[in-house]
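Q: Attaching a single structure in structure tokens format; questions to follow.
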Amino acid sequence: MADETARIEVILKRFPQIKRNALIPLLQAVQDEFGYISEEAISRIGAHLSLPTSKIYGLATFYNQFSFTPRGFYHVVLCNGTSCHMSGSGELLSELAKLLEIKDGETTRDGMFSLEVQSCIGACGQSPVMAVNGEYHSRISVKELREIIKQYREDADR
């Protein structure tokens, strides 16, 4: 907890106090550092910006990009919007669940992968689309999906 607090304080020092327009960049910086936004971070941000935590939660829960639970080292986001669904994202989801042994919203036991299904990730012309830590993989097949996951596993072992 002390380590988390110290790391949050380092982030807060980069943002001016009492500047409410710093809230979203501050939340992004915390999530980039920790992979999610903890209650401790929300509390410290509120004190830093003189904002009630309810306002911070209200804003953060509005955006899909923010998570309040720890994510895996590799955060997999699968698009299941209309275009992706019509292009086979359901099959990709089934394969991901089998390969990673998790469902939407879960993290593997080893903390390596987390899986999130979103209704659209804004790349409809590239469907079906999956992003891993923000790196997009487009027009993927089940076979390509297996190779992508295999490559991430190999990269993690290095």
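The values are calculated or read from the model by the stated rules, or taken from the named source; none is laboratory data. Quick caveat, the model's predicted, so the values are computed rather than measured. Because the Cβ atoms are built from the backbone with ideal geometry, glycine has one as well, and the counts that use them run over all protein chains shown.
Q: Taking the condition charged (D, E, K, R) and out of contact with any helix residue (DSSP H, G or I) (no Cβ under 8 Å at 6 or more places or on another chain), does residue 110 pass?
A: Details: charged (D, E, K, R): yes; out of contact with any helix residue (DSSP H, G or I) (no Cβ under 8 Å at 6 or more places or on another chain): yes.
Taking the combined requirement at face value, the residue satisfies it.
Q: Taking the condition of being farther than 12 Å from residue 56 by Cβ, part of a helix (DSSP H, G or I) and in contact with a helix residue (DSSP H, G or I) (Cβ under 8 Å, 6 or more places away or on another chain), how many residues in the range 6-43 meet it?
A: 9
Q: Inspect the range 101-111 for any residue being modelled with pLDDT of 95 or more, of a type in the set (Val, Ile, Thr) and either more than 17 Å from the chain's Cα centre (by Cα) or crowded, with 19+ Cβ neighbours inside 10 Å (or both) and give the result as yes or no.
A: Scanning the range 101-111 turns up no residue that is modelled with pLDDT of 95 or more, of a type in the set (Val, Ile, Thr) and either more than 17 Å from the chain's Cα centre (by Cα) or crowded, with 19+ Cβ neighbours inside 10 Å (or both).
Q: Between a first residue in the range 1-22 that is farther than 18 Å from residue 70 by Cβ and a second residue that is outside any helix (DSSP H, G or I), which pairs have beta carbons less than 9 Å apart while being 6 or more apart in sequence or on different chains?
A: Close Cβ pairs satisfying both conditions: 17/50; 18/50; 20/50; 20/51; 22/15; 22/16.
Q: Just to be sure I understand, how many residues within the range 13-56 are of a type in the set (A, V, I, L, M, F, W, C) and at pLDDT below 90?
A: Start the filter on the range 13-56 by keeping residues that are of a type in the set (A, V, I, L, M, F, W, C), which leaves 15, 18, 22-24, 26-27, 29-30, 34, 37, 41-42, 45, 47, 49, 51, 56.
This time we only want the ones that are at pLDDT below 90, so: 15, 18, 22, 34.
So the answer is 4.
Q: Among the residues of the range 69-94, what is the count of those that are closer than 29 Å to residue 34 by Cβ, of a type outside the set (A, V, I, L, M, F, W, C) and over 10 Å from the mean Cα position of the chain (by Cα)?
A: So the count comes out to 3.
Q: Name every residue in the range 29-66 that is of a type in the set (Gly, Ala, Ser) and surrounded by 13 or more Cβ atoms within 10 Å (Cβ to Cβ), in order of residue number.
A: Looking only at the range 29-66, we keep the residues that are of a type in the set (Gly, Ala, Ser), and these are 29, 35, 38, 41, 43, 46-47, 50, 54, 58, 60.
Once the filter is applied, which keeps residues that are of a type in the set (Gly, Ala, Ser) and surrounded by 13 or more Cβ atoms within 10 Å (Cβ to Cβ), the range 29-66 yields 29, 35, 38, 41, 43, 46, 60.
Q: Counting only residues that are in contact with a Phe, Trp or Tyr (Cβ under 7 Å, 6 or more places away or on another chain) and either aliphatic (A, V, I, L, M) or surrounded by fewer than 14 Cβ atoms within 10 Å (Cβ to Cβ) (or both), how many does the range 118-158 have?
A: The qualifying residues number 5.
Q: So residue 123 fits all but one of (1) closer than 23 Å to residue 63 by Cα; (2) modelled with pLDDT of 95 or more; what number is the exception?
A: (2) is the only condition that residue 123 fails.
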